[in-house]
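The values are calculated or read from the model by the stated rules, or taken from the named source; none is laboratory data. Everything numeric in this text was worked out from a predicted model, so none of it was measured. Ideal geometry is used to build each Cβ from the backbone, glycine not excepted, and the neighbour counts take in all protein chains shown. Ligands, DNA and RNA are stripped out before the accessible areas are found, and what is left, the full protein with its side chains, is counted by its heavy atoms. Shrake-Rupley method; radii C 1.70, N 1.55, O 1.52, S 1.80 Å.
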Amino acid sequence: MNKQDYLNSQSVTSFIEWISPMIDTPHSLHHNYFLKRQKKDWNCDSIFSAYENYTWQFSFTDECRRIIKGSNFIECEDVLHLLSVKLRDGVAKKNNIICKEVCRQILEWGGVTNRNIDKIENIEQMGQDWCVYLSETKEQLERNLDSDGYYRSEIIMNSGFTKIYSLLVDDFLIYDGRLGAAFGLLVRGFCEEMKLEKIPAELHFCWGAGRESIINSKEKSRRNPSSDKYIFRSLHSPKAHLENNIRANWIVHEILCNTNSKFNILEASKRMRAFESALFMIGYHVKDYKF
């Protein structure tokens with residue numbers, strides 16, 4: 001299904017209509033939990049307030065500080081913007097060293113260096129420059145295809161690499177386990193209120209358990225948005241992950257372009273990232289949430 005057909009489908013248009021009041025209406029989406037790493041309570045009462053209450057602990061090595069000269073490292077979105085500028089410039093200039101360095105720092109920012117650095121090295125060991133891989137992947141992700149047509153076997157797709165692609169490609173969300181959990185939660189709320197028999201295929205978003213899966217089963221994970229009736233799969237393959245990412249990109253972009261909310265006050269270039277940040281916070285803990 002291509003972008004226009006997807007956005008024009010009955011289930012997607014109904015979902016966007018359903019979610020619109022929750023974007024910035026006070027008391028439309030009450031959510032709260034305890035952030036373990038920061039050791040503090042978190043809450044929101046709308047999607048926009050989730051963005052306002054965004055928090056993420058990130059740190060950089062001296063090497064990263066050298067790459068991003070002049071940054072005060074205070075605002076997360078500013079750091080991501082600087083990393084994006086550096087990465088795009090490296091790809092444009094076919095500078096393999098800069099591309100590898102910046103990608104390592106993106107993974108470091110996201111706390112997902114484990115095994116992903118090796119994947120970058122593996123690409124080069126197979127005889128392809130990393131900047132060439134990024135250029136070709138960028139070109140593929142910018143094509144106008146059906147949502148299931150973007151994946152190719154040579155594309156690496158996981159919660160780490162979606163961060164790299166997000167800083168390389170316009171209007172491309174960081175679709176990790178938390179973003180998927182937030183989408184699943186909102187879709188479940190939609191299904192429950194509409195009394196649907198099952199989750200519409202167009203709205204079946206996968207979630208990821210993250211590090212918590214080490215100690216908890218998927219069924220007990222705090223990121224599992226499923227109910228007894230509406231069961232959402234966990235992220236299970238690179239192809240499904242990328243298709244979920246593409247569809248999430250389309251929906252969020254459509255919401256931002258066709259609703260009048262506080263997100264519109266932000267600079268146009270920052271709106272997708274802001275909405276993504278809100279979903280990231282909502283998706284930290286969704287299990288057993290009651291609408």
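Couple of notes before you dig in:
- Checked across segment 137-145, the condition of being touching a Lys or Arg at 6+ places or on another chain (Cβ under 6 Å), surrounded by fewer than 22 Cβ atoms within 10 Å (Cβ to Cβ) and outside any loop (DSSP other than H, G, I, E, B) holds for no residue.
- Residue check for residue 268: surrounded by 15 or more Cβ atoms within 10 Å (Cβ to Cβ) and not polar (S, T, N, Q): no
- Qualifying positions in segment 175-194 - open to solvent by 10 Å² or more (accessible area, probe 1.4 Å) and either small (Gly, Ala, Ser) or within 11 Å of the chain's Cα centre (by Cα) (or both): 176, 178
- Selection count where residues are open to solvent by less than 10 Å² (accessible area, probe 1.4 Å) and of a type in the set (Val, Ile, Thr), scope segment 106-136: 2
- Residue identified as modelled with pLDDT of 95 or more and out of contact with any strand residue (DSSP E or B) (no Cβ under 7 Å at 6 or more places or on another chain) among 51, 33: 51
- Search result, residues across segment 271-291 that are under 22 Å from residue 169 (Cβ atoms) and open to solvent by 30 Å² or more (accessible area, probe 1.4 Å): 271, 273
- Answer from 209, 181, 201 - the residue that is under 22 Å from residue 273 (Cβ atoms) and of a type in the set (Gly, Ala, Ser): 181
- In this structure, residue 197 does not satisfy being open to solvent by 20 Å² or more (accessible area, probe 1.4 Å) and either in contact with a Phe, Trp or Tyr (Cβ under 9 Å, 6 or more places away or on another chain) or assigned to a helix (DSSP H, G or I) (or both).
- Qualifying residues in segment 232-257 (those that are part of a loop (DSSP other than H, G, I, E, B) and more than 12 Å from residue 158 (Cα to Cα)) - the one least open to solvent (accessible area, probe 1.4 Å): 232
- When segment 146-163 is filtered for residues that are part of a helix (DSSP H, G or I) and within 11 Å of the chain's Cα centre (by Cα), the ones remaining, listed by number, are 161, 162, 163.
- Segment 200-211, subset open to solvent by 20 Å² or more (accessible area, probe 1.4 Å) and at pLDDT below 95, residue nearest to residue 181 (Cα to Cα): 210
- When the residues of segment 121-163 are filtered to those that are at pLDDT 95 or above and among the β-branched types (Val, Ile, Thr), the one that is farthest from residue 203 (Cα to Cα) is 132.
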